[in-house]
Amino acid sequence: MENILEIKDLHFQYGEIVALHGISLSIGEGEIVTLLGGNGAGKTTTLTAISGLYKGITAGEIYFMGEKINGTAPHKIAGMGIAHCFEGRRIFSQLSVKENLMMGAYLRSAKSKEVADDLEYVFDLFPRLKEREKQAGGTLSGGEQQMLALGRALMQKPKLLMLDEPSLGLAPIIVEGIFAAIKKINESGLPILLVEQNVNAALEVANRGYVLETGSIVGSDTAENLLKDDLIRKSYMGME
Amino acid sequence: MKAFISKNKWTLLLLIAATALMLVLAQKTYYALIIALFGIYAIVATSLDVLFGYTGQISLGHAGLFAIGAYSSALLTIKFGVPSLLSLVLGSAITALIGALIAIPASKLVKHFLSLLMIAFGQIIYLIINSWTEVTGGSLGIMNIPYLNVFGFEVNSNLKGAIVIWVILAIVLLVKHRIIRSRVGNAFIAIRENTVAARGLGIDVQKYKVLAFAVSAAMTGLAGGLYAFLRGFISPETFNGTQSVLFMTMLLFGGITTLAGPVIGAIVLLLFKEVFQTFSTYQGLIYALFMLLVLFFFPNGIIGLYKSGKTAVMKLLSKRAEATRNGGAENAEN
């Protein structure tokens with residue numbers, strides 16, 4: 001099976017500060033892979049290195065569907081089919097829900113049938129967004145904004161979806177809904193790279209996981225095994 | 001086109017009424033001059049809206065671009081004998097090119113860094129036109145600029161100037177509307193709203209920021225050329241830093257991201273300037289007061305004030321109508 005994404009010995013620096021000390025990971029077709037780790041472990045850095053939003057790769061390679069993408073401009077990486085759903089959501093607060101979603105389809109022909117179908121798909125997935133179609137993005141609740149950010153990423157019709165902390169600042173019941181949606185999105189075959197502080201929720205939906213600590217991968221296993229792993233349970237889930 | 005007309009019917013009606021009124025007033029040549037200047041400044045304020053209102057890039061150096069348009073159009077005609085209409089177009093193109101060049105470094109800056117760069121740009125242009133005496137005439141400026149000639153129609157009076165300029169303003173507004181409604185406009189708005197997200201959605205942020213600068217500069221350069229041909233005389237004082245502040249004040253006062261806002265802002269501020277001509281020493285102070293007034297009391301400008309007022313009235317009316325309906329229903333039941 002060919003990997004959708006393959007990272008080989010990636011080093012990343014913010015100026016003088018080394019954030020990643022040579023990490024390697026891969027995502028196969030249709031997989032949900034999660035990156036676990038505390039604050040400052042390098043999870044978000046890994047995502048921004050992949051999408052090219054910050055420059056700082058000092059060594060190593062990133063391959064997307066067999067093609068080397070490090071050094072490529074971020075808008076081109078987005079165009080190749082990597083959608084990055086940002087931490088803190090970053091929706092367009094003054095634009096309406098529908099306008100936000102249509103911005104997601106920026107690189108596609110807005111009048112095509114496919115885009116209309118995808119809009120329907122997003123509205124089916126999150127009926128709440130359909131109800132608030134004309135409302136300004138900034139007036140939505142946190143959970144709705146997360147749905148919007150997810151929906152906007154889906155409108156890119158990506159081949160890989162990267163989610164950064166989708167549960168951040170949301171009530172448990174809302175988190176449940178978001179993760180149900182993530183599961184459903186993945187069932188359509190879309191591979192997902194998930195960064196999440198809520199380790200339990202992440203491992204519930206993921207196939208595999210990598211554990212990051214201060215910029216290095218210290219472990220990787222199937223989600224099932226990680227859920228049982230003593231170290232993980234103690235370090236990240238506060239369980240004995 | 002139909003949708004455009006129905007959506008902007010009040011703006012258009014207002015425009016037609018204003019045009020009629022102005023045509024009457026313009027019988028006096030002084031009024032005609034003021035009306036022509038309204039149009040010129042409205043083009044500049046509109047160009048700033050493309051840059052600041054839609055793309056979120058601030059410029060306090062547009063007087064520099066205005067100067068480039070004015071001087072290059074005038075010099076092309078006087079020194080090289082280029083027909084005036086062609087000079088006007090070339091002047092606009094030269095300004096667009098210089099705008100794009102300055103945008104390449106400028107587009108990497110945001111907020112106060114960008115505004116400082118643009119202030120510096122305005123100052124540099126001001127210095128150049130002041131001291132490059134052999135070409136620009138230095139502080140004396142350029143005199144005897146010929147009339148604009150539009151396909152044989154010589155614009156040799158302020159009244160004719162006013163008409164031509166307002167027609168050009170209408171074209172500029174239409175172009176702006178077209179750009180904003182297009183994919184390019186979407187990219188501009190996405191960049192203003194959230195640059196990182198825009199990049200993540202596949203928008204080439206740098207390219208569109210430079211494009212916004214070029215479009216804005218082209219419009220301002222065009223206005224500069226019109227100014228030169230209208231007045232027949234230009235000198236550095238028209239293009240100093242205060243002028244850049246005036247342009248920005250016009251936009252903020254009128255209201256950003258609307259068609260009518262910059263036009264109204266330009267008219268109000270210019271009227272103000274004419275009425276209080278005697279206080280010219282304090283002009284900078286007055287603009288600053290205007291800007292504070294806008295920022296504190298109606299941050300969305302006159303147009304924003306009008307819109308929120310309209311929404312409030314509509315709400316009140318619909319409430320009243322509902323109350324009457326409910327009252328009526330109750331009465332019927334009784």
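The values are calculated or read from the model by the stated rules, or taken from the named source; none is laboratory data. Since the model is a prediction, treat every value here as computed from it, not as a measurement. For neighbour counting, all protein chains shown are included, and Cβ atoms are generated from backbone atoms with ideal geometry for every residue, glycine included.
Descriptive notes on the structure:
- Across segment A:7-63, the number of residues qualifying as within 14 Å of chain B (Cβ to nearest Cβ) and either of a type in the set (Gly, Ala, Ser) or surrounded by fewer than 20 Cβ atoms within 10 Å (Cβ to Cβ) (or both) comes to 7.
- Within segment A:85-143, being among the aliphatic types (A, V, I, L, M), free of Cβ contacts under 8 Å to residues at least 24 places away in the same chain and either away from chain B (no Cβ under 14 Å) or out of contact with any helix residue (DSSP H, G or I) (no Cβ under 7 Å at 6 or more places or on another chain) (or both) holds for one residue alone: A:116.
- As a summary of the residue check, residue A:142 satisfies the conditions (1) at pLDDT below 95; (2) touching a Lys or Arg at 6+ places or on another chain (Cβ under 6 Å) except for the one numbered (2).
- You will find that of B:12, B:23, B:60, B:37, the residue that is under 14 Å from the mean Cα position of the chain (by Cα) and in a helix (DSSP H, G or I) is B:37 and no other.
- Residues that are in contact with a strand residue (DSSP E or B) (Cβ under 8 Å, 6 or more places away or on another chain), farther than 19 Å from residue A:193 by Cβ and either touching a residue at least 60 places away in the same chain (Cβ under 8 Å) or aliphatic (A, V, I, L, M) (or both) do not occur anywhere in segment A:30-41.
- Of the listed requirements (1) surrounded by fewer than 14 Cβ atoms within 10 Å (Cβ to Cβ); (2) in contact (Cβ under 8 Å) with a residue 12 or more places away in the chain; (3) among the basic types (Lys, Arg), residue A:208 misses just one: (1).
- Among residues of segment A:64-84, those that are outside any strand (DSSP E or B) and either closer than 20 Å to residue B:208 by Cβ or within 13 Å of chain B (Cβ to nearest Cβ) (or both), counted: 10
- Qualifying residue in segment B:161-177 (condition: among the small types (Gly, Ala, Ser), crowded, with 16+ Cβ neighbours inside 10 Å and either at pLDDT below 95 or under 21 Å from residue B:211 (Cα atoms) (or both)): yes
- Taking every residue in segment B:307-324 that is in a helix (DSSP H, G or I) and pairing it with any residue that is aromatic (Phe, Trp, Tyr), at least 6 positions away or on another chain, the pairs with Cβ-Cβ distances below 9 Å are B:308/B:298.
- Failed condition for residue A:80, given (1) touching a Phe, Trp or Tyr at 6+ places or on another chain (Cβ under 7 Å); (2) more than 24 Å from residue A:182 (Cα to Cα): (2)
- Listed here are the helices (runs of 4 or more DSSP H) enclosed by segment A:145-240 that have at least 2 residues being modelled with pLDDT under 95, closer than 24 Å to residue A:96 by Cβ and of a type outside the set (Asp, Glu): A:172-187.
- Selected residue (only one of A:22, A:52 is over 18 Å from the mean Cα position of the chain (by Cα) and touching a residue at least 24 places away in the same chain (Cβ under 8 Å)): A:22
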